1. Apply the a/c threshold of 1.5 to the C-alpha gyration tensor of the range 35-139 and tell me whether it is rounded, prolate or oblate.
2. Starting from the Cα gyration tensor of the chain, take the square roots of the eigenvalues, sort them a ≥ b ≥ c, and report rounded, prolate or oblate (rounded when a/c is under 1.5, otherwise prolate if a/b is larger than b/c, else oblate).
3. Using the Cβ atoms and a cut-off under 12 Å, what net charge is assigned to the surroundings of N183, where Lys and Arg are +1 and Asp and Glu are -1?
4. Please report the net charge: other residues with Cβ closer than 14 Å to the Cβ of S127, K and R +1, D and E -1.
5. Could you name the aspartates and glutamates whose alpha carbon sits less than 20 Å from that of K61, not counting residues in the same chain fewer than 8 places away?
6. Can you work out the FRET efficiency for the pair I26 and V140, with r the C-beta to C-beta distance and R0 = 41 Å, to the nearest 0.05?
7. Suppose each label sits 7 Å from its Cα in the direction of the beta carbon; what would the A163-T133 distance come out to in nanometres?
8. What does the charge count around K145 come to, taking other residues whose C-beta lies under 13 Å from its C-beta (Lys +1, Arg +1, Asp -1, Glu -1)?
Amino acid sequence: MKKILLLVCCAFAASTAFAQLPTFGIRGGVNFAKLTASSGNLSASTSNTTTFAAGLFADFKVGTAVSIQPALNFTGKGGKVTLTDFGTAGDLKTYYVQVPVNIVYHIPAVIGNVYFGAGPYVGVGVSGKAKGTDDQGNSVSEDIKFGNNGELKRTDLGLNGIAGVEFKGGLILGINYDLGLSNIANNTSNDESLKNRVFGVSVGFKF
């Protein structure tokens with residue numbers, strides 16, 4: 001955790017020290033999120049739950065084709081579980097304030113440029129809710145708590161990848177993938193873990 005936080009700080013410091021004046025942008029879109037669980041040699045994944053993401057980003061040019069992009073996002077995660085044999089279903093949605101710092105490579109094109117990049121992210125859980133049906137067909141709902149006394153740890157650390165097209169007028173069409181590296185579950189044994197996985201599709205605009 002300390003190494004990832006240090007990398008985020010160093011990347012941002014480098015961008016402010018050596019880059020040109022930044023440009024800024026906004027981005028929002030749809031997330032398809034799932035959770036992966038493992039215990040010993042066993043592992044499983046939930047189905048995708050659909051949620052959303054929105055945020056702001058800055059683009060610091062550090063060369064003709066490379067930039068550093070820190071961002072501040074509000075992003076949804078979670079997963080969906082259906083237990084057919086027991087007639088139960090559950091949809092877990094969690095929301096994080098997340099700071100990714102990506103190193104981005106830009107390839108000039110006729111319409112603008114194609115970009116792709118990657119970097120670490122730090123997310124802080126702020127809210128969550130689990131909804132579903134029990135074996136009697138009744139709807140149930142419960143708030144998800146973060147922190148030492150909650151179901152999930154508040155901090156989520158991982159890697160973020162982005163790619164897309166930036167048009168000459170400033171319009172941006174992109175995709176992203178969050179690979180959670182930290183175990184977000186509380187009260188688990190050493191060989192049990194729960195991690196976030198998120199694929200997103202977004203539209204944005206750079207000013």
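Derivation of every value follows stated rules applied to the coordinates shown; laboratory data play no part. What you see is a predicted model; the values in this text were computed from it and never measured. Every residue, glycine as well, gets a Cβ built from its backbone with ideal geometry; the counts of neighbours run over all protein chains shown.
1. Details: a/c = 2.80, a/b = 2.50, b/c = 1.12.
Here the range 35-139 falls in the prolate category.
2. Details: a/c = 2.51, a/b = 1.80, b/c = 1.39.
It is prolate, given that a/c is not under 1.5 and a/b is the larger ratio.
3. On the way: positive: K153, K195; negative: D156, D191, E192.
Result for the local shell: -1.
4. Details: positive: K77, K93, K129, K131, K145, R154; negative: E142, D143, E151, D156.
Once all neighbours under 14 Å are counted, the net charge is +2.
5. Partners found: E166.
6. Details: r = 36 Å, r/R0 = 0.89.
Efficiency, rounded to the nearest 0.05: 0.65.
7. 3.8
8. Details: positive: K129, K153, R154; negative: E142, D143, E151.
Value of the local net charge: 0.
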